[in-house]
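Q: Sending over a structure as structure tokens; questions will come in a sec.
Derivation of every value follows stated rules applied to the coordinates shown; laboratory data play no part. The structure displayed is predicted, hence computed values, not measured ones.
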């Protein structure tokens, strides 16, 4: 499904990710929400940090269908969003998604303060110190 935005970030930062998505949607824009589906079917009613603990406990993620579902859904989200927003703190997966987004020619926005700048952070078209500063611009 085509969306205006997709937020990428650390799942354990779900409270802020959801706050950003709600803010985007309150401005009349659509946003892919990777948190709209549970990490695993058996964990759908648990808090996100507990869901992630279960998902990360699987021994063979190469063949686990939950990992494959997340991968496919997130890749579709990246391909179908006009703009990608990385909300810090973000883990390795979100940084990989930012690289994929850059390769896809997407507009990429960074929200948060970078603790250890790297040259590849120059891929971001816009930077904001916090969620509120970004939301004021859309």
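Q: If you line up the Cα atoms of the chain on their principal axes, what length do they span on each, largest first, in Å?
A: Here the Cα extents, ordered largest to smallest, are 40, 33, 29 Å.
Q: Enter the angle in degrees (range 0 to 90, nearest 10) between the Cα long axis of helix 92-103 and the first principal axis of the Cα atoms of the chain, meaning the one along which they spread out most.
A: The answer is roughly 50 degrees.
Q: Can you grab the distance from the C-alpha centre of region 1-65 to the C-alpha centre of region 66-114, Å, no decimals?
A: Distance between centres, Cα-based: 12 Å.
Q: Please find, in a Gaussian network model of the chain (springs between Cα atoms separated by less than 10 Å), the residue of 20, 35, 122 whose mean-square fluctuation is greatest.
A: 122
Q: Could I ask something else about it? 222 nm [θ] for the chain, helices only, -39500 (n - 2.57) per DSSP H run of 4+, per residue, to 500?
A: Values: 5 runs with 56 residues, N = 138.
Helix-only estimate at 222 nm: -12500 deg cm²/dmol.
Q: Separate question: Give the angle, between 0 and 90 degrees and rounded to the nearest 10, that separates the Cα long axis of helix 48-57 from the longest principal axis of the Cα atoms of the chain.
A: Value to nearest ten degrees: 50.
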